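A quick write-up on the structure given underneath.
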């Protein structure tokens, strides 16, 4: 990729540093989409041994790019996002990906297609980690930042994403136990 094109791509990606999510950090500020994507990719890196049959480098790539569409639309919490919001984000992202030089254009388009279909082990792992990271982040934030619906949501979110994996099911249960401890501590 020529340097000018690379800089243009990086300028778009930089928007994710300033695009905040609904979640707060343990330090009390809104988390950025870039931070969420980074830690989701880090989770994939540390799970290589749990999935020796998976192409974890591909999972890491999926985690790194999964929210690039939010550079164009901003982040909408999952419990507020409509199908129209998803279509708009997908359309803007597809248009941007189409401007990328080869081979990146084709590679990213193929990754997004695979991620959307969620048929491969890699896509299932990525989608699970995306949801689990969000729940972990909520557990790390001050409970005063939680909306009323998040008490129940934090107990069940991503349950359906982990059923294919005993390890991720176990991890989800550990996260749920952290949520229950957090809620109980706030009640006392």
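Here, each number is a calculation from the coordinates, and none is a lab measurement. What you are looking at is a predicted structure, and each value in this text was computed from that prediction instead of being measured.
Things worth noting here:
- Rg over Rh for the range 86-165 works out to 1.09, using Cα positions for both radii and the Kirkwood form for Rh.
- Per residue, the chain reaches -21000 deg cm²/dmol at 222 nm when only DSSP H runs of four or more residues are counted, each adding -39500 (n - 2.57).
- Relative contact order of the chain: 22 percent, from C-alpha pairs under 8 Å at least 6 residues apart in sequence.
- Divide the volume of the convex hull around the Cα atoms of the range 1-101 by the residue count and you get 138 Å³ per residue.
- Its residue count N fixes a reference of 2.2 N^0.38 Å for the range 3-46, and the Cα radius of gyration divided by that reference is 1.36.
- Normalised by residue count, the chain yields a Cα convex hull volume of 121 Å³ per residue.
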